[in-house]
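Colleague: Right, I'll just put the structure down here and ask away after.
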Amino acid sequence: MQIRIFISSVQREFAEERRRLVEYIRQDVLFGQFFEPFIFENLPANNQNAQQAYHQEAAKCDIYLGLFGSEYGYEDAEGISPTEREYDVATENFRYRLAYVKQVEKRHPKESALITKVEQDVVRRTFVNYEGLRSAVYASLIRYLEEKKIIQKFPFDASPHPYATLSDIDENKVRVFVARAKAKRNFPLSMENGLEAILSGLHLITSDGRLTNSALLLFAKNPQAFFRPSEIKCVQFYGTKVQKPAPFYQVFYGNVFELVDQAKAFVMSHIDARIGDHSSDDNVEYELPESAVHEAIVNAVVHRDYTRNASVQVMLFQDRLEVCNPGQLPYGLTPAKLSSKHSSEPTNPILAHPVYLAGYIERLGTGTNDLIDACTSMGLKKPTFVQEEDFCITIWRNVDGVASKDTENLPEDLSENLEKVATETTTETTTKTTTETTTKTTTKTTEKTTEKTTEKTTEKTTEKTTEKILRLLAENPYLTNQELAEACGLTADGIYYNIKVLKRIGVLSRVGSDKSGYWKVNAWDGVNDELSLPSDQKKDTEKDTEKDTEKDTEKDTEKDTEKDTEKDTEKDTEKASLKKLNDRQKQIIGIIKDSPQVSAEELSLKLGINLRNVKNNIAKLKQMGILLRIGPAKGGYWKVNN
C-alpha cells in the first residue's frame, strides 16, 4: 500500500508548484515506489461537497504537505480559509505534517498568522522557487522513509556523515558561495544568519545537527579527506586514442566549485584561442565554446555516482573532448532524450541546488540542450552522449582547423625537439622580418654569401624568436600579445602563431582567464633571467656547429655576416624601444634615479597605479636594457643605464 501525500495550498497561487510536485513524486524512481500524491485538481467529479472531500483526504492521508505564500485564500462564514481548515484537520487526526513557506515581500495578515501557528507545531522549511521547493521536499521525504524504517539508508547526497562536524566546514567557502548566490539568484540568507542557518536553509544539515555528504562536498576544508574519489583527472593526448605519451596529466582536488573551475581552466588552456583584433587579450575566440565545456564538466561533477570508487575524467584528444563520470542516467532518461526537451531529474538534487544557486547551472533541465546549441552554432559537430558503465559527453573539435593538423606525429620528447617543431611552423612568419634586417648587411658581402646568410639567419632568428618569447614571459608572465610583438619586433600575427606553436608542443600554457590570467613556461628553466636550452640539446647544437665549420669553407664570411645582422637588428630594436618609452615609464625612471632602493609597492603608491601595472612597466624597461636590478629582491637596488 502506497503512502498518501495530501498537498494543501491556495490553489491559484501555487497551481504550477502543485502540478510539478505531483509529477516529480510519481516519476521519481524511488519515491514512485512508496508515495501517491493527491491534489484537488485530480479529484474525480461527483456529488460530494468539495470542502467535505478536502477534509476527508486531509484526515486519511499519511502525510500532510502544506505550501504557504502571500495569499490567505477564500474565507468561509467564520473567516477561515480552506488551507487553514485542512491543516487543522490533519493536526486533529495526528497526520505527519510537512510545511514549506515561500519567501515573499508581502503577506496577507491572516497568512502570516497561519504560518506562525504552523511553526509552533512543525519545523517549516523555506523556498524561493520550484527548484528550491523540490529540493526541500526531496530531503523531507527521504527523512520520512528513514524514520519509518522503510529504507535503511539515505541517498548519498542527503545522507548524514558519520563523524564530520561543523569544524570541518570552511566558513570562507560558505561566504564566497553566499555572495555568489545572492548575486545570481537573490539568495536570502547572509553570514549574519550564522553558519548553521545557511546549511539548514540549503538542506545540508539534519534536524539533529549532523552534516550531510553534500555539505562536505560543497564546503569542507578538505573534501577529499572524506571522499577520496571526489577529484577530477585531466589529461591531454596528441592523437585520437588513449596512448602514451600523455604530455599533460593533472589531478585536481577541492570542493565542487573548485573542481569545476580547475578542470575548465585545464581544457581552455590546452585548446586553440584566437584574439579577435590581435591587439589585446580581450575578445578571445576559443575553438570550443566555453559554455559547453563548462556545462559538460559541471554535469559530470554534480550528477556522478559518489558511492563508486572512481573519478571524473576529462580527456582532450586531437579531435574531441571527452568528459566522463561514474554513474547512470536517471530511470527513464536516455542519451537520445538528452538532445531534446526533457525534465530535470538530478542524481544528487541536494548537491545540485546550491550549484544552481551559485550560477554554475543556468537553468535546471536545459543544460544539455544549451551545450548542443553552443557547439552547433560554432559549426561544430553535434555533441554525443553515451551511457555504458560510465556516462560520457563528447564535444567534437574542428579537425580541419590548424590546431588539429599533424599533431599525431609530434615528437615524444618535447623539450629536445622544440627547435625543429618551432622552426618548421614559424619560419614562414619570420622570413619577411629577417630578410628586411639582413638586407642592411648584405651589401658588404657577395651575392653567394648573401644567399647562404639569409637562409641561416632566418633559421637562427626563428630560434631566437621562440627563445625570446619564453624569456620575456618567464620574466613577466602578464605580458599581452601586443607587448610581446613590440618587444620582439614582430607583428601581432607573428606572436600569435609563435605562441600557438609553443602551446601546442607543451612548452607554454595559459593559466586562468584571458583578462586576469598569466602565462606559464612549462619546459624551460630560467637561469640568471635568461632561458637556456637543455644540456643535451646544447651538446647537439655544438656538434652540429663543428661539423658545419669543417664542411663549409665560407663559414667565417657567414659568421661575420650573421654578427653584423645581429648588431643591426639589436640597434634597430634598441632605437625603436627608446622611441616607444611612455610617460609612465619615464616617471618610473625618474623616481628610481632619486631612490634606487625603491620597491615596486612604493612605486605603486607614488604613481597611484596598481602593482601589476608597475611590474609590467619595470619588465619592459628591463627588456629595453634601460633598467637593471643589482642584488637580491630584498636589499638590492635599481640601476638606470644611460
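Colleague: Any chance you could count how many residues in region 306-338 are in contact with a helix residue (DSSP H, G or I) (Cβ under 6 Å, 6 or more places away or on another chain) and open to solvent by 20 Å² or more (accessible area, probe 1.4 Å)?
Modeller: Selection size over region 306-338: 3.
Colleague: Identify, please: which residue in region 1-19 is open to solvent by less than 80 Å² (accessible area, probe 1.4 Å), modelled with pLDDT of 90 or more and not hydrophobic (A, V, I, L, M, F, W, C) and is, among those, farthest from the chain's Cα centre (by Cα)? Spell out the reasoning first.
Modeller: So in region 1-19, the residues open to solvent by less than 80 Å² (accessible area, probe 1.4 Å) come out as 2-11, 13-15, 17-18.
Now drop any that are not modelled with pLDDT of 90 or more, which leaves 3-11, 13-15, 17-18.
Filter once more, keeping what is not hydrophobic (A, V, I, L, M, F, W, C): 4, 8-9, 11, 13, 17-18.
On the way: 4: 43, 8: 41, 9: 40, 11: 41, 13: 38, 17: 32, 18: 36 Å.
Checked region 1-19; the qualifying residue farthest from the chain's Cα centre (by Cα) is 4.
Colleague: Could you tell me which numbered condition residue 204 fails, if it satisfies all but one of (1) touching a residue at least 60 places away in the same chain (Cβ under 8 Å); (2) in contact with a Phe, Trp or Tyr (Cβ under 7 Å, 6 or more places away or on another chain); (3) open to solvent by less than 20 Å² (accessible area, probe 1.4 Å)?
Modeller: In the conditions (1) touching a residue at least 60 places away in the same chain (Cβ under 8 Å); (2) in contact with a Phe, Trp or Tyr (Cβ under 7 Å, 6 or more places away or on another chain); (3) open to solvent by less than 20 Å² (accessible area, probe 1.4 Å), residue 204 misses (2) alone.
Colleague: Also, quick follow-up: Of the residues in region 52-93, how many are of a type in the set (S, T, N, Q) and either assigned to a loop (DSSP other than H, G, I, E, B) or open to solvent by less than 30 Å² (accessible area, probe 1.4 Å) (or both)? Break it down into steps so the answer makes sense when it comes.
Modeller: So in region 52-93, the residues of a type in the set (S, T, N, Q) come out as 52, 56, 70, 81, 83, 91, 93.
Checking which are either assigned to a loop (DSSP other than H, G, I, E, B) or open to solvent by less than 30 Å² (accessible area, probe 1.4 Å) (or both) leaves us with 70, 81, 83, 93.
Qualifying residue count, region 52-93: 4.
Colleague: Then there's this: How do the pairs read when you match residues in region 482-501 that are under 12 Å from residue 466 (Cβ atoms) and in a helix (DSSP H, G or I) with residues anywhere that are acidic (Asp, Glu) and open to solvent by less than 30 Å² (accessible area, probe 1.4 Å), using Cβ under 9 Å and keeping only pairs 6 or more apart or on different chains?
Modeller: Going by the 9 Å Cβ cut-off, there are no qualifying pairs.
Colleague: Now, a different point. Looking at residue 256 and the list (1) modelled with pLDDT of 95 or more; (2) open to solvent by 40 Å² or more (accessible area, probe 1.4 Å), which single condition is not satisfied?
Modeller: Of everything listed in (1) modelled with pLDDT of 95 or more; (2) open to solvent by 40 Å² or more (accessible area, probe 1.4 Å), residue 256 misses just condition (2).
Colleague: Check off (1) touching a helix residue (DSSP H, G or I) at 6+ places or on another chain (Cβ under 9 Å); (2) open to solvent by 10 Å² or more (accessible area, probe 1.4 Å) for residue 246 and give me the number that stays unchecked.
Modeller: Going through (1) touching a helix residue (DSSP H, G or I) at 6+ places or on another chain (Cβ under 9 Å); (2) open to solvent by 10 Å² or more (accessible area, probe 1.4 Å) one by one, residue 246 breaks only (1).
Colleague: List, please: which pairs have Cβ atoms under 8 Å, are six or more places apart or on different chains, and start with a residue in region 590-607 that is without any contact (Cβ under 8 Å) to a residue 12 or more places away in the chain and end with one that is open to solvent by 100 Å² or more (accessible area, probe 1.4 Å)?
Modeller: none
Colleague: Tally up the residues in region 126-162 that are open to solvent by 60 Å² or more (accessible area, probe 1.4 Å) and modelled with pLDDT of 90 or more, please.
Modeller: Number satisfying all stated conditions: 1.
Colleague: Restricting to region 25-39, name every residue that is open to solvent by less than 30 Å² (accessible area, probe 1.4 Å), in contact with an Asp or Glu (Cβ under 9 Å, 6 or more places away or on another chain) and in a helix (DSSP H, G or I).
Modeller: 25
Colleague: Still on this structure, please answer the following. If I filter region 209-237 down to residues being small (Gly, Ala, Ser) and either in a strand (DSSP E or B) or surrounded by fewer than 24 Cβ atoms within 10 Å (Cβ to Cβ) (or both), which single residue comes out as farthest from the chain's Cα centre (by Cα)?
Modeller: Pass one, region 209-237, residues small (Gly, Ala, Ser): 209, 214-215, 220, 225, 230.
Next, from what is left, pick out any that are either in a strand (DSSP E or B) or surrounded by fewer than 24 Cβ atoms within 10 Å (Cβ to Cβ) (or both): 209, 220, 225, 230.
Numbers: 209: 32, 220: 19, 225: 22, 230: 16 Å.
This residue is 209.
Colleague: Residues of region 163-208 being assigned to a helix (DSSP H, G or I) and among the charged types (D, E, K, R), which ones?
Modeller: 168, 171, 173, 175, 180, 182, 184, 185, 192, 196 - these are the residues of region 163-208 that are assigned to a helix (DSSP H, G or I) and among the charged types (D, E, K, R).
Colleague: Could you check region 115-145 and list, in sequence order, the residues that are under 15 Å from residue 354 (Cβ atoms), free of Cβ contacts under 8 Å to residues at least 60 places away in the same chain and assigned to a strand (DSSP E or B)?
Modeller: Once the filter is applied, which keeps residues that are under 15 Å from residue 354 (Cβ atoms), free of Cβ contacts under 8 Å to residues at least 60 places away in the same chain and assigned to a strand (DSSP E or B), region 115-145 yields only 127.
Colleague: Sticking with this structure for a sec: Just to verify a result, which residue in region 596-620, among those that are of a type in the set (Gly, Ala, Ser) and touching a helix residue (DSSP H, G or I) at 6+ places or on another chain (Cβ under 8 Å), is nearest to residue 581 (Cα to Cα)?
Modeller: The extreme case among them is 619.
The values are calculated or read from the model by the stated rules, or taken from the named source; none is laboratory data. Just so it is clear, the model here is predicted, and its values are computed rather than measured. All Cβ positions, even for glycine, are placed from backbone atoms using ideal geometry, and neighbour counts span all protein chains on display. Note: areas computed on protein heavy atoms with side chains; ligands, DNA, RNA excluded. Shrake-Rupley method; radii C 1.70, N 1.55, O 1.52, S 1.80 Å.
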